[in-house]
Amino acid sequence: MKPPPFEYHAPRSVAEAMEVLAAAGPEGKVLAGGQSLIPLLNMRLAAPGHLVDVNRLTALDTVEVEPGGVRVGALARHARVERSAEAAAAQPLLRQALRLVAHPVIRNRGTVVGSLVHADPAAELPAVLTLLGGSVRLARPGAVRDVPAAGFFTGPLESAAAPGELAVSAFFPASGPRCGTAFHEVARRHGDYALAGVAALVRLDDGLRVTAARAACVSAGPVPVVVDVTGHARADGWAAAARAVAERAEPEDDIHASAGYRRHLTGVLAERALREAALSAASGEER
Ligand SMILES: Cc1cc2nc3c(=O)[nH]c(=O)nc-3n(C[C@H](O)[C@H](O)[C@H](O)COP(=O)(O)OP(=O)(O)OC[C@H]3O[C@@H](n4cnc5c(N)ncnc54)[C@H](O)[C@@H]3O)c2cc1C
């Protein structure tokens, strides 16, 4: 199918893009990598009156390591962030997750910020941003706001980005010393959206005791589910912590898998991810 008619805009500056979007209001949609939006348009599941193509806004094609974390501009493609050694050094979970996003051709076009705004509960990056306690920067003419991940994902394919707002960047906090991360998932075919997936973060003290252990689940509810399992890990070990993660997941049946199977997978993947994150925290090396 072909998309419904729309007016196409190709602003040359961030200021112009914000003006066009603000004028379009609820009728406006940002076109970034187009890897999610174009299929939605072609299937006529979205019918915006105005499409605002941000691909000429090179000022937003940035990956910057700031004190405390990595700021990814709205035009930075998955592939660019995945290949950034500086970003991976500051926050290894970014690269660990991006390797699992779709196929290389899709990662060459799709953007990190586009994936966050798209807010697919089966996507890796919303889980990563929520696990790390990151944020998304939203702008409209004369106003900028940073929305914490905990309040950014409001439902399946729903985010806090309001009509007329441009997401200009996302901030992924660094994890710091004695901290390890890992991401494990299962998909029916390589590159497909995951049936289940778990990102884990473990922090140890100098005596290698667990001071923090958290996991974020993919495809386990309408928005990313983050579970703090520090107490379980300290008292009963990683298997008990993983069971606690699986219990908090709220997967649904669909044509690909039953809810019960997804919950089982979530528990298995949680144990793998938590153990790997702990090993990485202890050794200081990424697995
Ligand atoms: C075959 C296939 C497999 C895939 N597999 C996966 C997968 O396994 N995991 C995964 O996470 N993703 C997967 N994707 C999706 C891919 O990662 C997309 O690139 C990503 O979800 C959206 O990024 P985009 O830049 O293409 O955004 P677009 O498609 O351009 O936009 C997506 C949505 O976000 C909005 N938007 C984008 N940028 C902004 C902005 N700066 N400000 C405000 N709104 C904005 C758009 O208006 C639109 O509503 C897959 C896609 C395909 C086609």
For the charge dipole of the chain, defined by +1 on Lys and Arg C-beta atoms and -1 on Asp and Glu C-beta atoms about the Cα centroid, which residue among Ala119, Leu208, Ile106 has the Cα displaced farthest towards the positive pole? Ile106
Which percent of the accessible heavy-atom area of the chain goes to carbon and sulfur, probe 1.4 angstrom? 53 percent
Suppose a student asked you for the relative contact order of the chain, using Cα pairs under 8 Å spaced at least 6 residues apart; what percent would you report? 16 percent
Dividing the Cα radius of gyration by the Kirkwood radius, what Rg/Rh value follows for segment 233-287? 1.10
Inter-part distance where segment 9-33 and segment 47-67 are each reduced to a Cα centre, Å: 10 Å
State the answer as a single residue: which of Ala160, Pro11, Leu265 lies farthest towards the positive end of the charge dipole of the chain, with beta carbon charges of +1 for Lys and Arg and -1 for Asp and Glu, about the Cα centre. Leu265
Ranked highest first by average number of other Cβ atoms within 10 Å, how do 233-240, 192-199, 106-113, 38-45 line up? 192-199, 106-113, 233-240, 38-45
Measuring from its Cα centre, the chain shows a charge dipole (+1 at each Lys and Arg Cβ, -1 at each Asp and Glu Cβ) which, in debye to the nearest 20, is 420 debye
Please compute, over every Cα-Cα pair in the chain, the percentage with a separation greater than 27 angstrom. 39 percent
Most mobile of Ala143, Ala277, Ala24 in a GNM of the chain (Cα contacts under 10 Å): Ala143
Average accessible area per residue (Å²) across the chain - probe 1.4 Å, nucleic acids and ligands excluded: 45 Å²
Find how many whole Å separate the alpha carbon centroid of segment 189-221 from the alpha carbon centroid of segment 92-132. 15 Å
Given springs between every Cα pair under 10 Å in a Gaussian network model of the chain, which of Leu274, Leu60, Leu166 has the largest fluctuation? Leu60
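The values are calculated or read from the model by the stated rules, or taken from the named source; none is laboratory data. Nothing here was measured: the structure is a model prediction, and the numbers come from that model. Glycine also receives a Cβ, built like all others from the backbone with ideal geometry; neighbour counts cover every protein chain displayed. Heads up: the accessible areas ignore ligands, DNA and RNA and are worked out on the full protein's heavy atoms, side chains in. Shrake-Rupley method; radii C 1.70, N 1.55, O 1.52, S 1.80 Å.
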